[in-house]
1. Among residues belonging to region 88-126 that are open to solvent by less than 100 Å² (accessible area, probe 1.4 Å), farther than 20 Å from Ala14 by Cβ and in a helix (DSSP H, G or I), point out the one that is modelled with the lowest pLDDT.
2. When region 28-85 is examined, which residues are found to be among the charged types (D, E, K, R) and farther than 21 Å from Ala102 by Cα?
3. Residue under question is Gln38, and the condition is that it be more than 15 Å from Cys126 (Cα to Cα) and more than 15 Å from the chain's Cα centre (by Cα); does it hold?
4. Surrounded by 16 or more Cβ atoms within 10 Å (Cβ to Cβ), modelled with pLDDT of 95 or more and within 18 Å of Leu92 (Cβ to Cβ): is that true of Glu40 in this structure?
5. May I ask you to list the residues in region 20-36 that are in a loop (DSSP other than H, G, I, E, B) and open to solvent by less than 100 Å² (accessible area, probe 1.4 Å)?
Amino acid sequence: MRLMCEAKLRLANAPYAIEHAIKDLTIHCRSISQNNGQYELDFEAATAAIRAHEEGLLIRVEAEETVISHGTKMLIASQISSYAINMPMNILWVDASEEPFATILAPEKLETRENKQANSTKRYRC
């Protein structure tokens, strides 16, 4: 089973933060490519896509194993936080659909998940 998770970060300096974080992530990736403003990162056991969007970043991580997925998300978030202004302390990762960023860009789904997280101790798989 492939785990697909997405997050949306609101950052004041998203383009700057991602540009510098990508340089730092180079040593951890087999390859990094850029297409139409979206970075595609190929780690050995996971893949990620990062795209600047309005006032922030969209991030998508795919992996076969939960530990690899969580490690990849933590690595990416820590590299971005080194350069980000107003980086949130906690990032809400949501289970994603096959279509990249479709889940995280659906406002009603994100609001519902954020409300559930605030009102519950239930943890999501992502």
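1. Filtering region 88-126 for residues that are open to solvent by less than 100 Å² (accessible area, probe 1.4 Å), farther than 20 Å from Ala14 by Cβ and in a helix (DSSP H, G or I), the one modelled with the lowest pLDDT comes out as Gln117.
2. Arg30, Glu44, Glu65 - these are the residues of region 28-85 that are among the charged types (D, E, K, R) and farther than 21 Å from Ala102 by Cα.
3. Answer is no for this residue.
4. no
5. Cys29
The values are calculated or read from the model by the stated rules, or taken from the named source; none is laboratory data. Since the structure is predicted, the reported quantities are computational estimates derived from the model, not experimental observations. Don't worry about glycine lacking a Cβ; one is built from the backbone with ideal geometry, like all the others, and counts go over all protein chains shown. Keep in mind that these areas ignore ligands, DNA and RNA; they rest on the heavy atoms of the full protein, side chains included. Shrake-Rupley method; radii C 1.70, N 1.55, O 1.52, S 1.80 Å.
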